[in-house]
Structure formats: structure tokens, C-alpha cells
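Only the coordinates and a few stated rules stand behind these numbers; no lab work does. Small disclaimer: the values here were computed from a predicted structure and weren't measured. Methodologically, a virtual Cβ is constructed for each residue, glycine included, from the backbone with ideal geometry; neighbour enumeration extends over all protein chains shown.
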Amino acid sequence: MLLGMKPRVKSLAPFAAAFVVTSLAASPAHDRISKLPESKRNQVLTELMARFGESCEVTKSFFQGLDESKSAYWNVVCSNKNAYAIMMNDDGSNRVLECKRLRALSNIDCFKAF
């Protein structure tokens with residue numbers, strides 16, 4: 001985020017219920033992930049995806065934005081070309097949804113900031 005700029009916030013309620021919910025005690029916080037270099041961030045997100053049972057070696061990651069409750073949304077592309085949105089909540093819970101499902105449910109595209 002550029003100095004002096006506020007993050008844009010968007011309501012994502014229409015699709016939030018479609019995410020698979022899990023609580024991970026060691027879930028990496030958005031603040032930690034956002035400060036990592038891309039290669040390390042992708043490694044951490046690969047580990048997170050494995051905890052969701054997804055075979056996903058993250059090759060690209062993108063911070064999409066914050067919603068009204070300050071949950072952070074990250075998008076990832078895997079080496080197998082699958083793409084996902086990851087929602088990181090303040091309480092340590094995380095949710096994952098395939099980008100194509102996100103688009104179908106909410107008309108929100110991954111890899112576009114909001």
C-alpha cells in the first residue's frame with residue numbers, strides 16, 4: 001500500500017457463505033504475509049493451501065483488498081493453473097474459494113483490486 005492511501009473496502013457478503021471455513025491456529029496474519037518478499041509469501045500461501053487439502057504450489061499471489069470487517073483477501077495461482085481467493089480473518093480463521101466460483105457467485109474477479 002502506498003503511504004497516505006487508505007485501503008479500499010468492499011462488501012463481499014454475497015459470496016462469503018460459499019467459502020469453506022476452517023480455523024487454523026497457526027494461520028499467517030495478513031500483516032505478516034504482506035511484508036514478505038513474493039517468493040516467501042508464495043511459500044507460506046502454498047503451506048496454507050495444503051492445510052485446506054489443496055494440491056497447490058503457489059506461483060503468483062495478489063492482495064485483492066479488505067472488506068468492511070477488515071478481512072484480507074489474497075488471490076493465488078497454482079502451478080497447475082488453478083486460481084483461488086483466500087479470505088483471512090482477524091480471528092485466525094481462513095476461507096478458500098476457487099476464483100471461478102467467486103466469479104459465478106458474486107461477479108467479482110480475482111486479481112482485480114477492490
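Judged by the mean number of other Cβ atoms found within 10 Å, the most tightly packed of the peptides 55-68, 34-47 leads the ranking 55-68, 34-47.
The trypsin sites (Lys or Arg not before Pro) of the range 75-114 that DSSP puts in a loop, and whose beta carbon has at most 10 other beta carbons within 10 Å, are Lys81, Lys112.
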